[in-house]
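**Student:** Before anything else, here's the structure in question.
What follows is calculated from the coordinates using simple rules that are stated; it is not laboratory data. Just so you know, these numbers come straight off a predicted model, no measurement behind them. With ideal geometry, Cβ positions are generated from the backbone for all residues, glycine too; neighbour counts draw on all protein chains shown.
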Amino acid sequence: MSTPRYNNPRIDRPEQVNDAMNGEVSLDYPKVAWLGTMLLVGTIGSALTISFSAVLLFVVTTCITLLFGHSLGMHRRFIHRSYQCPKLLEYLFVHFGTLIGLAGPMGMLKTHDMRDWAQRQNQCHPYFAHDSHWAKDALWQLFYSIKLQNPPAFEAEAEIANDPVYHWMEKTWMLQQLPWALVFFAIGGFGWVCWGIATRVSVGVMGHWLIGFFAHNDFDHIDHHNDWHVQGAAVQGHNIPWTALLTMGECWHNNHHAFPESANLGLEKGQLDPGWLTLLALKKVGLVSDLVTPHDLAPRAELVRRK
Ligand SMILES: [Zn+2]
Ligand SMILES: [Zn+2]
């Protein structure tokens, strides 16, 4: 009996085109306007209004949106369905994930899955592979987007595609900062808006690129951080141990390429995964259930253990 290759039903279908190589990278004006504004207010505005409480707000809101929003909400639940939770909690977590400022839920889903699909092909465009010079990759990922000549069709499952809340979140993803900005302004004035919105979004978006750059490049050519090899894939994932706390466990990216639907990312001894620990705590109080681990997943013929 042959073992199946990893399959993402939103993209991987027999009739799909497999050309992840040919495409055009061009300036994405909404991205430029959005991040440009955040960077401007987040640097000049924040420098002029710095205070202890504003910096504390930045730290607290960054931790909450990264852990509950980006990692647990957007990535492990919304994109990978790696655990179950009440719908209201899912909406709240995905809203926090949207606050990171990268895109709305539908945009995040498609961008994530297309990159993942491209990296699993035999070859893919350097935009997907992150294998350009770091400065060029930063410019590309932060301000440009790619248009493939022959893109595969992308189709979200009915549960997501027919959900009016997610369509609303997608349309209003930038505006979702606004109620928080008003609350911050009412309590702490303009300084809180600069630090709690603009600096947080700037750091979140640039940090997301930086981690993505290191997680897809083998700079030290040392295998000991990377236990799994996906045969035939153009790009391998790499673990970045020193960023475990900073990324809420998302840095165990070699594990993630090996077991995409696992709710646990820090699989080996000593791999700290704050996201997984939080899920275990939420499970204890009955808020989440059915946490998926590698043992629950079908074996992959193309997955090879390196040590
Ligand atoms: Zn990856
Ligand atoms: Zn993923």
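**Student:** Specify the residue that is farthest from the chain's Cα centre (by Cα); the eligible residues are those in the stretch 79-92 that are part of a loop (DSSP other than H, G, I, E, B) and away from ligand 2 (no atom under 16 Å from the Cβ).
**Tutor:** Residues of the stretch 79-92 part of a loop (DSSP other than H, G, I, E, B): 80-83, 85-86.
Next, only the ones that are away from ligand 2 (no atom under 16 Å from the Cβ) stay: 85-86.
On the way: C85: 19, P86: 22 Å.
Out of the qualifying residues, it is P86.
**Student:** Could you grab me the full set of residues in the stretch 118-138 that are of a type in the set (A, V, I, L, M, F, W, C) and more than 18 Å from the chain's Cα centre (by Cα)? Can you show your working first?
**Tutor:** So the first thing to find is which residues in the stretch 118-138 are of a type in the set (A, V, I, L, M, F, W, C), and the list is 118, 124, 128-129, 134-135, 138.
Answer for the stretch 118-138, where residues must be of a type in the set (A, V, I, L, M, F, W, C) and more than 18 Å from the chain's Cα centre (by Cα): C124, W134, A135.
**Student:** Just one of S51, S82 is over 16 Å from W180 (Cβ atoms), crowded, with 22+ Cβ neighbours inside 10 Å and of a type in the set (S, T, N, Q); which is it? Working first, answer last.
**Tutor:** On the way: S51 fails: crowded, with 22+ Cβ neighbours inside 10 Å.
Criteria check complete, one pass: S82.
**Student:** Kindly establish whether V304 is away from ligand 2 (no atom under 16 Å from the Cβ) and either within 19 Å of Q236 (Cα to Cα) or assigned to a loop (DSSP other than H, G, I, E, B) (or both).
**Tutor:** Details: away from ligand 2 (no atom under 16 Å from the Cβ): yes; either within 19 Å of Q236 (Cα to Cα) or assigned to a loop (DSSP other than H, G, I, E, B) (or both): yes.
So V304 fits the description; yes.
**Student:** Taking the condition under 26 Å from A198 (Cβ atoms) and within 16 Å of ligand 1 (Cβ to nearest atom), does M38 pass? Step through it out loud before you land on a result.
**Tutor:** Working: under 26 Å from A198 (Cβ atoms): yes; within 16 Å of ligand 1 (Cβ to nearest atom): no.
Criteria not met by M38.
**Student:** State which residue pairs qualify: first residue without any contact (Cβ under 8 Å) to a residue 40 or more places away in the chain and inside the stretch 111-137, second residue aromatic (F, W, Y) and within 12 Å of ligand 1 (Cβ to nearest atom) in any location, beta carbons under 7 Å apart, and separation of 6 or more residues or different chains.
**Tutor:** R115/F128
**Student:** Something else about it: Can you run down the residue pairs with Cβ atoms below 8 Å, 6 or more apart or on separate chains, where the first is in the stretch 64-79 and in contact (Cβ under 8 Å) with a residue 60 or more places away in the chain and over 19 Å from T293 (Cα atoms) and the partner is of a type outside the set (A, V, I, L, M, F, W, C) and within 15 Å of ligand 1 (Cβ to nearest atom)?
**Tutor:** Filtered contacts from the stretch 64-79: L66/T247; H70/H208; H70/E250.
**Student:** Is it fair to say D116 is closer than 19 Å to R76 by Cβ and acidic (D, E)? Step through it out loud before you land on a result.
**Tutor:** On the way: closer than 19 Å to R76 by Cβ: yes; acidic (D, E): yes.
Criteria met by D116.
Quick grid of which residues meet (1) within 16 Å of ligand 1 (Cβ to nearest atom); (2) of a type outside the set (A, V, I, L, M, F, W, C); (3) in contact with a Leu (Cβ under 9 Å, 6 or more places away or on another chain); (4) assigned to a helix (DSSP H, G or I):
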residue: D19; (1), (2), (3), (4): no, yes, yes, no
residue: P30; (1), (2), (3), (4): no, yes, no, yes
residue: I50; (1), (2), (3), (4): no, no, no, no
residue: A54; (1), (2), (3), (4): no, no, no, yes
residue: H70; (1), (2), (3), (4): yes, yes, yes, yes
residue: V94; (1), (2), (3), (4): no, no, no, yes
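**Student:** I need a count of the residues in the stretch 22-39 that are without any contact (Cβ under 8 Å) to a residue 12 or more places away in the chain and among the aliphatic types (A, V, I, L, M).
**Tutor:** 1
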